[in-house]
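Notes for the one structure printed next.
Any read-out appearing in this document is the output of simple, stated calculations on the displayed coordinates, not a laboratory observation. This structure is a prediction, so every number in the text was calculated from the model and none was measured. FYI the Cβ positions are ideal-geometry reconstructions off the backbone, even for glycines, and counts take in every protein chain you see.
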Amino acid sequence: MLDVGKWPIFALISQEELRLISQACVFGSAGNEGLYVTENDEVFVLGTNCSGCLGTGDTQNCLTPKRLDSLCGKKIISMSYGSGPHVIIATADGEVFTWGHNGYSQLGNGTCTQGLSPCLVSTNLLNKKVIEVASGAHHSMVLTSDGEVYAWGYNNSGQVGSGSTANQPTPRKVTSSIQNKMVVNIACGQMCSVAVMDNGEVYVWGYNGNGQLGLGSNGNQPTPCRVAALQGVHVCQVVCGYAHTMALTTDGSIYAWGANAYGQLGTGNRSNQSYPVNVQLPKERIIEIAACHSSHTSAAKSQSAQVFMWGQCRGQSVIAPHLTYFTCTDDVFGCVSTPAVMWRLLTLELEDHLTVAQSLKKQFDNPETADLKILVDGKHIHVHKALLRIRCEPFRSILSNFNEEVLEINTFSYPVYRAFLEYLYTDNISLPPEDAVGLLDLATFYKVNRLKRLCQQTIKQGISVENAIILLAAAVKYEAEDLEEFCFRFCVNHMTLVTQTEAFLQMDNDLLKSFINKASKAGAFKN
């Protein structure tokens with residue numbers, strides 16, 4: 001059962017019906033329209049039905065749920081909505097359906113006629129498999145499985161990316177500077193569009209009056225243009241608010257730009273920014289960011305499940321990230337955003353569909369089922385004694401006669417120890433290279449060889465001129481020979497720059513001698 005109680009529209013549904021919901025989306029100018037999918041893949045809608053946005057074939061309000069037969073069994077994987085409102089969805093088969101307001105051809109059917117029922121968008125998409133959809137106020141955009149982007153609808157500021165400002169009545173492939181590039185994520189603001197490439201580059205186009213394109217100016221951009229200020233970082237997710245944009249990097253950092261009248265950039269002030277600026281959050285890795293083109297609210301979730309919000313909060317301005325009591329970013333938009341809409345299609349992982357691995361992953365740090373709390377740096381991590389004994393030899397002896405409710409650990413930091421425990425539940429790690437060094441220390445201490453190899457892999461992927469010497473020292477300390485050789489080769493290949501870093505100047509004397517001797521034998525000083 002999805003927790004949809006934070007959205008008032010669902011007060012119209014019985015508790016029995018609520019228990020069957022597996023997907024839901026609340027939309028509309030006042031959050032008065034909703035769509036939900038049940039466990040047996042039936043699709044229902046309810047609400048005020050503005051512009052026929054419920055897809056029921058008419059414009060009559062629905063105070064009781066009404067089934068959309070044409071979508072039942074389609075398995076919705078992505079959903080977005082515009083301000084009209086109009087609705088766009090993608091199914092598991094890669095089909096795209098639209099309905100609702102169509103005054104600017106945002107339904108992609110070649111007309112400007114209101115769509116009262118879901119209609120398959122076929123022009124230029126018939127042989128394409130769509131995996132993600134996005135929409136602005138009155139334009140639509142889709143991402144295909146082969147990394148192509150198609151857009152249509154209102155185009156007064158170039159938000160369709162066609163190179164002109166003429167409205168686009170049917171899907172048109174966005175090419176120009178992103179041609180032959182693989183797109184992995186898309187997002188839309190009210191009148192702008194954003195795409196992330198598989199190499200982490202970000203391209204933007206459309207309206208730019210508030211600097212929401214991040215190009216350092218306020219001029220509109222009718223074709224995709226790379227955000228040059230993000231060079232050197234690898235972006236993995238983008239989201240758009242009404243007139244601001246945020247990007248999440250693979251190392252867990254957030255960049256934001258655009259309108260800031262409500263503090264939605266999280267910079268501590270209300271000044272608009274036409275260049276990306278780093279959002280300062282506690283030193284925890286961020287794993288998800290959230291924004292909605294209907295609002296001026298921003299949110300983020302950290303690796304330790306802390307949820308932050310900033311921007312418009314029930315009419316007030318929160319100009320810097322604020323730690324909330326919420327457990328997910330979706331709750332932020334249900335409780336504090338204006339309007340109270342959803343920033344994405346909310347989906348429940350049905351318990352009876354989970355594998356053993358997925359089930360274990362969900363139980364990590366779950367206080368409801370855990371029988372042991374591990375205390376690190378004043379913070380609790382909820383775990384299960386049986387799993388720790390099974391997965392880690394040292395825990396077998398530690399917990400053999402341990403009958404307390406709390407086990408205190410003073411040897412390692414909270415982020416490192418939490419990552420270690422999460423590894424025991426998931427077989428994966430997700431840490432920046434600097435923290436992976438600490439985890440490598442732990443893996444060596446506990447003699448967990450596979451974790452040690454994963455740490456080395458993470459460090460290799462994140463090595464840079466600035467941290468190469470630090471990582472080399474760690475490899476030597478923890479006797480990671482393969483990693484040591486990798487770091488050494490990196491340093492030799494970038495010798496001039498590495499020797500100018502602060503880390504090199506502070507290098508341990510014995511390590512420095514060893515490094516110079518080995519580098520000399522490798523021919524690093526021949527010239």
Under 15 Å from K283, Cα to Cα: aspartates and glutamates that are on another chain or at least 8 residues apart: D251, D377, E434, D435
Whole-Hz couplings from phi, Karplus 6.51/-1.76/1.60, listed for segment 105-114; x for Gly and Pro: 6, 6, 7, x, 9, x, 10, 10, 8, 3
Peptides ranked, highest mean first, by Cβ atoms within 10 Å: ranges 62-68, 396-402: 62-68, 396-402
Cα centroid separation - segment 24-85 against segment 468-527, whole Å: 60 Å
HN-Hα J in Hz across segment 393-400 - Karplus 6.51, -1.76, 1.60, θ = phi - 60°, x for Gly and Pro: 4, x, 5, 4, 7, 4, 9, 4
For the chain, the fraction of alpha-carbon pairs in successive 10 Å shells from zero, as %: 4, 17, 24, 24, 18, 10, 3, 1, 0
Those trypsin sites (Lys or Arg not before Pro) in segment 164-211 that DSSP places in a loop and that have at most 10 other beta carbons within 10 Å: none
Segment 232-303: trypsin sites (Lys or Arg not before Pro) in DSSP coil with no more than 11 other Cβ atoms inside 10 Å: K283
Long-range HN-HN contacts of L2 with modeled amide H, under 5 Å: I21
The chain: DSSP helices with Cα axial extent of at least 15 Å and average Kyte-Doolittle hydropathy no lower than 0.0: 414-426, 433-446
Residue pairs, from the table K6/K362; K447/K521; K301/K379; K361/K477; K361/K447, whose Cα atoms sit over 27 Å apart: K447/K521; K361/K477
Farthest positive-ward along the chain dipole, Cα basis, beta-carbon charges - from G84, N180, N428: N180
Mean Cβ neighbour count within 10 Å, used as a protection proxy, ranking 480-490, 506-516 highest first: 480-490, 506-516
For segment 242-299: relative contact order, % (alpha-carbon pairs under 8 angstrom, 6 or more apart): 36 percent
Segment 356-521: relative contact order as a whole-number percent, Cα under 8 Å and 6+ apart: 15 percent
Phi to ³J(HN,Hα) by Karplus 6.51 cos²θ - 1.76 cosθ + 1.60 over segment 9-26, Hz, x for Gly, Pro: 4, 7, 5, 7, 10, 5, 4, 5, 6, 4, 5, 9, 6, 10, 9, 7, 8, 9
Candidate aspartates and glutamates for bridging to K181, where Cα separation is under 13 Å - those fewer than 8 sequence places away on the same chain excluded: D146, E148, D198, E201
Percentage relative contact order, the chain, counting C-alpha pairs under 8 Å, at least six apart: 8 percent
